[in-house]
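FYI, it's all coordinate maths here, none of it is from the lab. Keep in mind it's a predicted model, so treat the numbers as computed, not measured. Reconstructed Cβ throughout: ideal geometry from the backbone, glycine too, with neighbour counts over all protein chains shown.
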Ligand SMILES: *Cc1c(COP(=O)(O)O)cnc(C)c1O
């Protein structure tokens with residue numbers, strides 16, 4: 001019986017051609033092109049057939065509308081702008097640094113037109129793409145020379161391969177880091193063709209450990225900023241200055257991977273001190289590697305600065321070509337770096353620093369402005385209130401330091417089912433036209449407002465919040 005009924009409905013499915021004639025399909029073809037519409041109509045009919053057409057769609061127009069919805073959903077960008085209310089300023093999963101306006105403008109110009117990327121305008125001859133940044137990097141760090149690659153992971157890989165291929169790279173066991181995304185120092189060394197020579201222990205490494213390791217096979221000494229963790233207690237590490245002396249005595253390059261790396265002292269903005277690139281060089285590093293899109297506040301990039309002869313070796317490595325940066329990022333980097341010439345106005349112009357330096361008082365004011373708009377949208381079972389919280393710098397910078405912040409806490413009134421309720425609200429916030437990402441902290445969903453600047457856009461976006469929607473609606 002049932003089978004007969006369902007095949008009768010199936011017979012009623014319209015043909016692709018019939019659906020294409022529907023007004024909605026004609027309009028869809030205007031927007032998305034005929035072939036995309038044909039494919040979407042086929043898919044919609046195919047799905048209905050698979051479901052045994054449950055009679056929800058009957059007319060051609062129903063199918064045309066379903067096809068349009070499919071096309072519209074597909075047209076949504078996969079990489080979406082979001083509101084980062086996690087409280088982590090440099091959030092790797094959410095795109096790290098926001099670029100300064102000058103950098104955005106320069107990148108846009110570079111995208112639209114030709115540029116003097118590898119062309120020397122003075123001589124009319126071929127130029128070097130790194131030259132646009134080299135001067136600035138030298139000026140800002142005091143290095144002899146500098147080069148730029150895709151990211152800091154690439155910078156480390158390239159330096160290891162250029163200076164220590166077939167030789168040993170000496171590193172303390174306390175610094176054999178893993179940073180996110182499968183970047184593990186021992187594996188990187190392996191891929192770079194250098195032999196890991198680990199010394200000391202997890203918590204203590206001494207000068208004599210380095211001295212003993214510096215034999216004829218030594219290619220370089222590497223010090224790695226333990227960006228995303230801190231070892232406390234009974235610990236000992238060798239200061240960079242001493243390490244430089246030890247390496248120099250054996251004529252082996254000393255490379256310092258700073259990770260985030262900063263060009264100015266953050267203490268100036270009341271932030272915890274992070275060693276600057278200039279300090280690392282002054283302390284005797286032969287090469288320093290650091291990121292473009294962490295504390296520096298630029299686009300993704302990796303820098304290698306230091307001794308001219310070593311930079312020349314890095315640049316001669318054929319791998320450099322595979323790791324180079326394009327004109328768009330060079331344009332953005334140039335403008336980002338230029339901002340460091342005027343540290344007095346840096347916090348105004350560089351979003352990363354502006355967000356990091358934001359005072360709790362200012363964030364609390366913002367919370368007071370937003371609270372009624374958020375509270376109004378919450379069901380009775382949820383209380384919304386202003387709370388003090390702590391933000392993080394993120395991207396492995398200063399992992400144990402936090403910044404005093406404020407936000408809005410959304411908390412279920414009843415303990416029972418609270419976890420599910422919080423997930424439900426978090427999911428609804430993620431479904432907004434501009435998804436809002438908060439952080440679940442114990443029994444509350446906290447929206448840390450440190451990184452929110454466009455508050456009017458945020459309020460307008462919030463109007464679309466639909467707490468009833470979603471497959472997992474409260475039950
Ligand atoms: C972040 C980091 C890297 C990798 O830098 P990316 O720019 O993310 O590639 C390398 N080393 C250290 C110590 C880091 O903190």
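Compute the long axis of helix 131-141 from its Cα atoms, compare it with the longest principal axis of the Cα atoms of the chain, and write down the angle in degrees, 0 to 90, nearest 10.
60
Ordered by packing density, taken as the mean number of other Cβ atoms within 10 Å over each peptide's residues, highest first, how do 164-170, 229-235, 400-406 rank?
Highest-to-lowest ranking by the protection proxy: 164-170, 400-406, 229-235.
Starting with the highest mean, order 279-289, 206-216, 31-41 by the number of other Cβ atoms within 10 Å, averaged over the residues of each peptide.
The packing order, highest mean first, is 279-289, 31-41, 206-216.
Against the longest principal axis of the chain, how steep is helix 101-112, in degrees 0 to 90 to the nearest 10, with axes from Cα atoms?
70
By per-residue mean of other Cβ atoms within 10 Å, what is the highest-first order of 107-115, 87-95?
87-95, 107-115
Sorting 197, 256 on the 10 Å Cβ count, fewest up front, what's the list?
The fewest-first ordering by Cβ neighbours comes to 197, 256.
Based only on other Cβ atoms within 10 Å, what is the fewest-to-most ordering of 458, 119?
Fewest to most other Cβ atoms nearby, the residues stand as 119, 458.
Run the numbers on the chain and let me know its relative contact order in percent, using alpha-carbon pairs under 8 Å that are six or more apart.
Worked out over the chain, it gives 18 percent.
If the chain between residue 344 and residue 368 were fully stretched, how many nm would it gain, using 0.36 nm times the residue separation less the Cα-Cα distance?
Gain in length upon complete extension: 5.7 nm.
Find the centroid of the Cα atoms in the range 67-83 and in the range 374-446, then give the distance between the two in whole Å.
For the range 67-83 versus the range 374-446, the Cα centre distance is 26 Å.
With angles folded into 0 to 90 degrees, how steeply does helix 152-164 sit against the dominant principal axis of the chain? Use alpha carbons for both and round to 10.
40
Return 159, 255, 446, 26 ranked ascending by Cβ neighbour count within 10 Å, so the fewest neighbours appear first.
Starting with the residue having the fewest Cβ neighbours, the order is 26, 446, 255, 159.
Using Cα pairs under 8 angstrom and six or more residues apart, how large is the relative contact order of the range 64-183, in percent?
Once normalised by length, the contact order is 8 percent.
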